[in-house]
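Remarks on the structure that follows.
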Amino acid sequence: MINKQELEKIKEKALAEHIPIIMDETLEVIEKYLKKSKPKTMLEIGTAVGYSAICFIDFLAEGGRIDTIERDEQRVREARENIEKVGAANMINIYEGDAVEILPTLNSKYDVCFIDAAKGKYPFFLQQALRLLNDNGIIFADNILYKGYVMSDYNKHKQRTAVRNLREYIKEASENDMLETEILDVGDGLAISRKK
Ligand code: SAH
Ligand code: MG
């Protein structure tokens, strides 16, 4: 079991530093699913300082493992320290680098994928997650409603590319015959796609 006090410290520090860690209500939804299905392998895109990966690990099956990808060198360093601190180093493996480059090199299969990185790359991440997902697996994508921009006619330049790609993700996940997709208005929006 992960030390809850250590976990709380990691969370507080991340929040204080404005690192966009998973929101409580989003975490609750995912944990409920993990509790029920007890997956063995999980792929996370966007580690940050390891907070979500550490949260998930308690809910995996005995011997469960998480592979997680992060491109920011300093965050990788901090994530490794955090993972070490809570005693999860043998359960969480960090790939350091850009997920756009790393994902195509992966070949092992996962029961769960959690997409939580660059919004502009979500359609690509979906494609790769689908390739790496076991039958009956599930893909979660955080921040899918992006502060409400995705479902409004919001079109400011700064977020335009992100919004366009998040909309494309929703369209592709919804229209894909292999998937059953729902969009939940929890936290910053969560897409849940089950592989049929
Ligand atoms: N899942 C974490 C939060 C992730 S925040 C948690 O809930 O605790 C998103 C992270 O994705 C950032 O740290 C950012 O550096 C990383 N990221 C964004 N785009 C990426 C990419 N293309 N490849 C790898 N990491 C990426
Ligand atoms: Mg997020």
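Key figures for this structure:
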item	result
Residue that is nearest to V186 (Cα to Cα), among those in segment 122-140 that are in contact with a helix residue (DSSP H, G or I) (Cβ under 6 Å, 6 or more places away or on another chain) and of a type in the set (A, V, I, L, M, F, W, C)	F140
Test: residue in segment 14-22 that is away from ligand 2 (no atom under 16 Å from the Cβ), more than 21 Å from D188 (Cβ to Cβ) and either of a type outside the set (S, T, N, Q) or in contact (Cβ under 8 Å) with a residue 40 or more places away in the chain (or both)	no
Residue within segment 29-45 that is among the polar types (S, T, N, Q), under 12 Å from the mean Cα position of the chain (by Cα) and either within 16 Å of ligand 2 (Cβ to nearest atom) or surrounded by 14 or more Cβ atoms within 10 Å (Cβ to Cβ) (or both) present	no
Residue list for segment 113-163, filter: acidic (D, E) and assigned to a loop (DSSP other than H, G, I, E, B)	D116, D153
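Bear in mind that the values in this text are calculations on the coordinates, not laboratory data. Not measured: the values here are computed from a predicted model. All Cβ positions, even for glycine, are placed from backbone atoms using ideal geometry, and neighbour counts span all protein chains on display.
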